[in-house]
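Single-structure report; data block below.
The values are calculated or read from the model by the stated rules, or taken from the named source; none is laboratory data. A quick note: this is a predicted structure, and the numbers were derived from the prediction, not measured. Glycine gets a Cβ as well: all are built from the backbone with ideal geometry, and neighbour counts include every protein chain shown. In case anyone asks, the SASA skips ligands and DNA or RNA and just uses the protein heavy atoms, side chains included. Shrake-Rupley method; radii C 1.70, N 1.55, O 1.52, S 1.80 Å.
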Amino acid sequence: MGRISEDTRTRNEEAIRAAMDRLLRGDLPSGGKCDLRTLASEAEVPRTAFYAKKNRDGTARPGPYQHLAQEFERRLTALRDAGSVPDPRAAQIERLKEANAALKSRLDQRDAELETLKDFKRRALSQIAAQHLEIERLREQAEAVGNVRRLPSGRAGTAPYGSCS
């Protein structure tokens, strides 16, 4: 970038400030973000003008619009700290991160519930099996003693005594 006139610099600064205001309001171009690259593109200035340069002797000198880049970053940080995000994609990313964290939490909770239910099922099946074995043992014991009589079964289709039907 060669030397520019004072009029060109003033027009570029006005264009940068106008583009800065648009971006910080959330008026982003298609495919653009709220960053220096988009700011430079919207203001039609080279992006390198926002960064420090080096002299031939190695010392640093500020870029012609570095102060505007710092102002842009400062205003963007202030908006983010206030809870406003001008970039809808950044807001969407934050929402998706929060939703992802909530889903992971729910998944962990469901896994814990599932493990509890599996344990309950194992214990219930074990108790049922033990009860079945006990019933079979008692039946064999009753048959071995021989002094237990079976009660007569009721006739099918008759109501039990005391029934209202």
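Taking every DSSP helix (H) stretch of at least 4 residues in the chain, weighting each as -39,500 (n - 2.57) and dividing the sum by the residue count yields a mean residue ellipticity at 222 nm of -22000 deg cm²/dmol. Under 20 Å of direct C-alpha separation, and excluding same-chain neighbours fewer than eight residues apart, K104 reaches these aspartates and glutamates: E94, E113, E115.
Taking every full run of DSSP H in the chain, the ones that stretch at least 18 Å from end to end by Cα along their long axis and average -1.0 or higher on the Kyte-Doolittle scale are 88-145.
Within the chain, what's the longest stretch lacking trypsin sites (Lys or Arg not before Pro) that sit in DSSP loops with no more than 11 other Cβ atoms inside 10 Å?
On the way: sites that count: R3, R56, R149, R150, R155.
Here the longest segment lacking exposed loop sites spans 57-148.
With Cβ to Cβ distances under 12 Å as the rule, what net charge do the other residues near T116 carry (K, R +1; D, E -1)? Let's see the in-between values first.
Details: positive: R110, K118, K121, R122, R123; negative: D111, E113, E115, D119.
With Lys, Arg at +1 and Asp, Glu at -1, the net is +1.
On segment 1-57, 41 percent of the accessible area sits on carbon and sulfur atoms, based on a 1.4 Å probe.
Based on the Kirkwood approach, the hydrodynamic radius assigned to the chain is 24.1 Å, with every pair of different Cα atoms included.
Computed with a 1.4 Å probe over protein heavy atoms only, the accessible surface of the chain comes to 82 Å² per residue.
Rounded to whole Å and ordered largest first, report the semi-axes of the equivalent ellipsoid of segment 5-92 derived from its Cα gyration tensor (root of 5λ).
Numbers: eigenvalues 128, 45, 25 Å².
Gyration-tensor ellipsoid for segment 5-92: 25, 15, 11 Å.
Given Cα pairs under 8 Å that are at least 6 residues apart, what percent is the relative contact order of the chain? Could you put the intermediate results ahead of the total?
Numbers: 81 pairs, mean separation 24.7, N = 165.
Relative contact order comes out at 15 percent.
Around E71, with a cut-off of 13 angstrom between Cβ atoms, what is the net charge of the other residues, counting Lys and Arg +1 and Asp and Glu -1?
Numbers: positive: R17, R74, R75; negative: E13, D21, E73.
Its environment carries a net charge of 0.
Structural descriptor for segment 39-104: relative contact order 17 percent, calculated from alpha carbon pairs under 8 angstrom and at least 6 residues apart.
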